[in-house]
Amino acid sequence: MTRTVMAVCLAGVLAARSLAVVSAQQPTIAGKWDVTIRMPDKVVNEQWTLQQKGKVITGTAKGDKELPVTGSVDGAFLRVSVAEGSQQLKVRATVDGEAMDGSITYAAGKEYLWHAKRPKK
């Protein structure tokens, strides 16, 4: 009985350590990204330049205008806002290596597909 309890405890400790290592890894998203926003009547292409300090993300989104980007990355989840005048556009995406997929929500609550990939070198 005590061997079984010890084995279960050891398995629990190993599982907890594995989760701690995985959750501690932050994707590196600093750099340039080609962003595509798919709307019903058009496709918008932008270039984003992001900086990263730990979980904190800052940068610029450059399309017709250059707009500030602020937010965070937590594990594989990117959560940023883009300030356009008094509006805050919200991007929610999943980071997968050299690509990110998610959505962008405009102030009126309209949500569109949002995709980013690193530019080819």
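Since every read-out is calculated from the coordinates, none of them should be taken as a lab result. Keep in mind the model is a prediction, meaning the values are calculated, not measured. Backbone-built Cβ (ideal geometry, glycine too); neighbour counts: all protein chains shown.
Quick rundown of the values:
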item: Residues that are assigned to a strand (DSSP E or B), of a type in the set (A, V, I, L, M) and in contact (Cβ under 8 Å) with a residue 12 or more places away in the chain, drawn from the stretch 32-65; result: Val35, Ile37, Val44, Leu50, Val56, Ile57, Ala61
item: Residue that is farthest from the chain's Cα centre (by Cα) [pool: residues in the stretch 62-97 that are of a type in the set (A, V, I, L, M) and under 14 Å from Ile29 (Cα atoms)]; result: Val69
item: Leading residue by the ranking (nearest to Lys117 (Cα to Cα)) among those in the stretch 66-80 that are part of a strand (DSSP E or B) and in contact with a Pro (Cβ under 9 Å, 6 or more places away or on another chain); result: Leu78
